[in-house]
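Quick one: this structure, given as structure tokens, is what I'll be asking you about.
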Amino acid sequence: MLLIGVVGIALEQLGSLIMPINKPLWTSTFVIYTSGIACIVLAFFVWLCDIVKPERLVNPLIVYGSNPLFFYVLSGVWVLSYSLVNIGELNLGGGMYEQLALVMSAKLA
């Protein structure tokens with residue numbers, strides 16, 4: 001998997017001479033590059049979790065990876081709970097949006 005990732009990144013470097021990497025257009029070079037990075041990251045975690053097995057470091061990753069649906073649903077419930085906490089006239093979600101809008105454009109907040 002590591003070899004596939006490295007080959008993907010090398011192919012992207014060669015392909016970027018013909019077609020520049022462009023995320024908004026999802027060019028083939030962008031897809032090959034991000035796929036190569038994903039393969040390298042996945043190879044690292046397979047090595048870490050299945051070969052090295054450091055218990056203290058890997059245990060939380062195994063717990064979260066064993067039941068990802070629970071954490072996906074929990075994240076939605078967590079965000080919905082923002083509307084239950086009121087701060088003045090705004091709820092917590094609106095307050096966080098207002099604070100983010102002060103530091104970045106409202107479109108990104």
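Name the one entry in VAL73, VAL85, VAL58 that is of a type in the set (A, V, I, L, M) and more than 30 Å from GLU98 (Cα to Cα).
VAL58 is the lone residue from the list that is of a type in the set (A, V, I, L, M) and more than 30 Å from GLU98 (Cα to Cα).
Scanning region 19-56 for residues that are open to solvent by 60 Å² or more (accessible area, probe 1.4 Å) and among the hydroxyl-bearing types (Ser, Thr, Tyr), which turns out nearest to the chain's Cα centre (by Cα)?
For region 19-56, the residue satisfying everything is TYR33.
Here's another thing I want to ask about it. Every residue in region 65-96 that is aromatic (Phe, Trp, Tyr) and over 30 Å from LEU42 (Cβ atoms), please.
TYR82
Residue under question is SER16, and the condition is that it be surrounded by 11 or more Cβ atoms within 10 Å (Cβ to Cβ) and either closer than 19 Å to MET1 by Cα or at pLDDT below 90 (or both); does it hold?
Against the criterion (surrounded by 11 or more Cβ atoms within 10 Å (Cβ to Cβ) and either closer than 19 Å to MET1 by Cα or at pLDDT below 90 (or both)), SER16 qualifies.
Now a separate question. Suppose the filter is surrounded by 10 or more Cβ atoms within 10 Å (Cβ to Cβ), of a type in the set (Ser, Thr, Tyr) and within 18 Å of the chain's Cα centre (by Cα); does TYR64 pass it?
Criteria met by TYR64.
Which of the residues belonging to region 67-88 are touching a Leu at 6+ places or on another chain (Cβ under 6 Å) and part of a helix (DSSP H, G or I)?
Correct list: TYR82 only.
Taking the criterion of being in contact (Cβ under 8 Å) with a residue 12 or more places away in the chain and not in a helix (DSSP H, G or I), would at least one residue in region 8-29 satisfy it?
The answer is yes; a qualifying residue exists.
Under 8 Å by Cβ, and 6 or more places apart or on different chains, what pairs join a residue from region 72-91 that is surrounded by 11 or more Cβ atoms within 10 Å (Cβ to Cβ) with one that is aromatic (Phe, Trp, Tyr) and not in a loop (DSSP other than H, G, I, E, B)?
Going by the 8 Å Cβ cut-off, the qualifying pairs are ASN91/TYR82.
Pick from region 30-53 the residues that are at pLDDT below 90 and not hydrophobic (A, V, I, L, M, F, W, C): which of them is nearest to GLU12 (Cα to Cα)?
So the residue we want is ASP50.
Okay, moving on. Which of the residues spanning region 67-104 are under 22 Å from the mean Cα position of the chain (by Cα) and small (Gly, Ala, Ser)?
Matches in region 67-104: SER75, GLY76, GLY93.
The values are calculated or read from the model by the stated rules, or taken from the named source; none is laboratory data. Fair warning: this is a prediction, and the values are worked out from it, not measured in the lab. Neighbour counts are summed over all protein chains in view; Cβ atoms, including those assigned to glycine, are modelled from backbone coordinates with ideal geometry. Note: areas computed on protein heavy atoms with side chains; ligands, DNA, RNA excluded. Shrake-Rupley method; radii C 1.70, N 1.55, O 1.52, S 1.80 Å.
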